[in-house]
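**Student:** Sharing a structure with you now.
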Amino acid sequence: MQWHAQFAWLGDGVAADVLIEADGERITRLARGVPAPPHAQHLPGLTLPGLANAHSHAFHRALRSRVQMNRGTFWTWREQMYKVADRLDPDSYRALARAVFAEMALAGISCVGEFHYLHHRPGGAPYDAPNAMGEALIAAAADAGIRITLLDTCYLTGGIGKPLQGPQLRFGDGTAGNWARRVDTLYEQTDKAGRLHARVGAAIHSVRAVPREQVRAVASWAKEHRAPLHVHLSEQPAENTACLDAYGVTPARLLAEAGALGPLSTAVHATHLTDDDIGLLGATTTGVCMCPTTERDLADGIGPARGLADAGAPICLGSDQHAVIDLFEEARAVELDERLRTRVRGHWTAGELLAAATSNGHYALGWPEAGRLEPGAYCDLVTVALDSVRTAGAGRAHAAEAAVFAATAADVRHVVVSGRQIVHDARHLLVDDVPAALAAAVESATREEPA
């Protein structure tokens with residue numbers, strides 16, 4: 001297959017007339033300044049590597065617009081989230097995730113990290129197939145044509161020293177050992193089935209949800225399997241206070257002492273950190289996933305992204321609860337939030353923010369061979385229009401800045417994942433009517449049962 005990009009971002013800048021050739025899933029040749037061959041598919045606009053959504057809770061998409069009606073906090077939002085969590089089964093979860101992942105594809109996302117903790121039946125009893133809900137997510141990603149890292153999440157307590165209650169009972173495996181045995185089965189099944197679009201990683205929901213003595217077991221599983229390990233970290237000041245009261249250390253220090261930080265680990269949010277916490281994450285080259293649209297929607301706060309990156313922690317991006325699914329918005333929000341905090345402009349270049357959305361995110365999800373336009377990398381191409389009302393007038397000299405600071409998901413025109421075109425002229429080729437699929441799945445997930 002051959003594609004000819006009008007412009008392409010190649011990591012070190014924007015090049016013109018870029019010929020991209022692939023054999024199967026991988027790029028085999030890339031040449032700059034080449035006239036378009038007669039049979040190559042023309043890609044007008046700016047072509048980027050596939051975007052990586054490093055932090056997703058697919059079922060949260062059902063909350064969009066429904067949680068915007070009243071005042072509240074993260075904790076009041078969470079109660080509404082639990083109601084949706086209690087309604088889903090493997091079939092309805094696959095339908096919802098399929099539609100959500102198709103929406104991601106339309107937004108240029110070629111790989112998603114699904115932070116998955118909705119494991120069991122309502123009440124906590126396991127399904128006959130203990131990983132039925134995780135399998136539904138893996139199948140949904142295949143349906144939508146994108147890759148997935150299923151970050152199977154250990155979630156054992158409803159707060160430090162508190163049992164799981166109500167809808168939370170679906171999340172728990174009892175102990176980290178039970179969690180590991182269940183995930184071993186999923187890991188082996190995914191590998192044996194030859195699902196080339198899926199990999200399995202681990203997650204610690206938070207220090208609220210996994211006791212200190214069991215954090216190490218989850219971290220050990222990830223190290224043994226050379227798998228990504230993700231964790232919600234210091235999203236709320238209340239989490240920090242509870243951890244200090246119970247253990248005498250911050251959440252970041254607890255994770256460091258349990259061996260849960262390092263190059264294969266990613267801290268999600270990392271909003272309320274001490275200077276020592278920032279130093280711990282940087283010194284261990286632990287990645288940090290910023291989710292600005294969620295952090296502002298939930299009134300969480302602004303995380304120290306620039307300080308973390310300067311300390312040595314690579315930054316990636318996620319849409320988390322999917323208030324919107326738009327990694328261009330996530331990328332520019334990292335810069336714009338920093339401007340609001342400091343009242344100074346220009347903390348991040350467009351290239352740094354594109355790296356956060358592409359190569360850094362793929363590395364965090366355990367796909368280091370993706371997120372770059374170069375021979376040997378996965379052939380993931382996302383073409384952004386430069387002739388929309390948002391991007392018109394940019395030209396080659398400012399194409400990267402137009403993508404980061406002006407474009408939206410609506411400007412994505414073509415998407416190729418692993419050498420296979422899944423979006424053409426802004427139309428998904430595998431899911432016929434994505435808005436209709438979303439509407440039906442959301443209605444099913446939020447429908448109140450008759451009294």
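The values are calculated or read from the model by the stated rules, or taken from the named source; none is laboratory data. This one's a predicted model, so the numbers in the text were calculated from it and none came from an experiment. So basically every Cβ, Gly included, is an ideal-geometry build from the backbone, and we count neighbours across all protein chains shown. These area figures cover heavy atoms from the full protein model, side chains too; ligands, DNA and RNA do not enter into them. Shrake-Rupley method; radii C 1.70, N 1.55, O 1.52, S 1.80 Å.
**Student:** I'd like the Karplus ³J(HN,Hα) series for the stretch 295-305: coefficients 6.51, -1.76, 1.60, θ = phi - 60°, whole numbers in Hz, and an x wherever there's a Gly or Pro.
**Tutor:** Result, rounded to whole Hz: 4, 7, 5, 8, 6, 6, x, 10, x, x, 4.
**Student:** So, in nm, how far is label Asp310 from label Arg121 when the simple model puts each one 7 Å beyond its Cα toward the Cβ?
**Tutor:** Calculated label separation equals 5.5 nm.
**Student:** Write down Rg/Rh for the stretch 33-119, rounded to two decimals, with Rg from the C-alpha atoms and Rh from the Kirkwood relation over Cα pairs.
**Tutor:** So for the stretch 33-119, dividing Rg by the Kirkwood Rh gives 1.16.
**Student:** Additional query: Gly279: net charge of surrounding residues, Cβ under 12 Å, Lys/Arg +1, Asp/Glu -1, itself excluded?
**Tutor:** Counting the neighbours of Gly279, the net charge comes to -3.
**Student:** Estimate the FRET efficiency between His398 and Arg26 by the formula 1/(1 + (r/R0)^6), using the beta-carbon distance for r and 25 Å for R0, to the nearest 0.05.
**Tutor:** Computed FRET efficiency for His398 and Arg26: 0.20.
**Student:** How big is the charge dipole of the chain about its Cα centre, in debye rounded to the nearest 20, if each Lys and Arg gets +1 on its Cβ and each Asp and Glu gets -1 on its Cβ?
**Tutor:** 160
**Student:** Sticking with this structure for a sec: Once Lys and Arg get +1 and Asp and Glu get -1 on their Cβ, which of Leu118, Ser418, Leu317 lies farthest toward the positive end of the dipole of the chain?
**Tutor:** Among Leu118, Ser418, Leu317, the one farthest towards the positive end of the dipole of the chain is Leu118.
**Student:** Given H placed 1.01 Å from N in the peptide plane, which residues other than close sequence neighbours of Thr286 have an amide H under 5 Å from its amide H?
**Tutor:** Excluding prolines and chain starts, which carry no amide H, the hits are Gly262.
**Student:** Loop-only trypsin sites (Lys or Arg not before Pro) in the stretch 146-254, please: DSSP not H, G, I, E or B, and at most 13 other Cβ atoms within 10 Å.
**Tutor:** Filter output for the stretch 146-254: Arg226.
**Student:** Follow-up question, since we're still on this one. Using a basic spin-label model with each label point 7 Å from the Cα along Cα→Cβ, how many nm lie between Glu443 and Ala16?
**Tutor:** Distance between the two pseudo-spin positions: 5.0 nm.
**Student:** Counting alpha carbon pairs within less than 8 Å and at least 6 residues apart, what relative contact order, in whole percent, applies to the chain?
**Tutor:** Contact order relative to length: 22 percent.
**Student:** Report, in degrees rounded to the nearest 10, the 0 to 90 angle that the Cα long axis of helix 74-85 makes with the longest principal axis of the chain.
**Tutor:** 90
**Student:** Could you check the spin-label model distance between Ala36 and Arg71? Points 7 Å from the Cα along Cα→Cβ, value in nm.
**Tutor:** Taking the two extended label points, one gets 5.6 nm.
**Student:** If you don't mind, there's one more thing I want to ask. Quick one: compute a quarter of the convex hull surface over the Cα atoms of the stretch 288-405 and quote it in nm².
**Tutor:** Averaging across all directions leaves 8.3 nm² for the Cα convex hull.
**Student:** For the stretch 23-100 and the stretch 140-157, compute the distance between their C-alpha centroids and round to whole Å.
**Tutor:** 12
**Student:** Shifting gears a bit: Can you give the FRET efficiency for Asp432 and Thr342, using 1/(1 + (r/R0)^6), R0 = 60 Å, r = Cβ-Cβ distance, to the nearest 0.05?
**Tutor:** Rounded to the nearest 0.05, the efficiency is 0.85.
**Student:** Then there is this: May I ask for the equivalent-ellipsoid semi-axes of the chain, computed as the square root of five times each C-alpha gyration tensor eigenvalue and listed largest first in whole Å?
**Tutor:** For the chain, the ellipsoid semi-axes come out as 34, 25, 21 Å.
**Student:** Scan the stretch 283-384 for GluC sites (Glu not before Pro) in coil per DSSP, keeping those whose Cβ has at most 16 other Cβ atoms within 10 Å, and list them by number.
**Tutor:** Sparse-neighbourhood loop GluC sites (Glu not before Pro): Glu369.
**Student:** For Thr157, Thr149, Thr185, give the ranking by accessible area with the largest first, probe 1.4 Å.
**Tutor:** Putting Thr157, Thr149, Thr185 in descending order of accessible area: Thr185, Thr157, Thr149.
**Student:** Something else now. I want to make sure I understand the PRE zone here: with the label point 7 angstrom from the Cα of Gln189 toward its beta carbon, which residues in the stretch 105-132 have backbone N atoms less than 11 Å away?
**Tutor:** Zone members listed by number: 127-132.
**Student:** Just tell me which lysines come within less than 29 Å, Cα to Cα, of Lys223; anything on the same chain fewer than 8 places away is out.
**Tutor:** In chain and number order, the partners are Lys162, Lys192.
**Student:** Calculate the translational D of the stretch 2-70 in whole µm² s⁻¹ from Stokes-Einstein, where the hydrodynamic radius comes from the Kirkwood formula applied to all Cα pairs, the temperature is 20 °C and the viscosity 1.002 mPa s.
**Tutor:** Here the translational diffusion coefficient equals 147 µm²/s.
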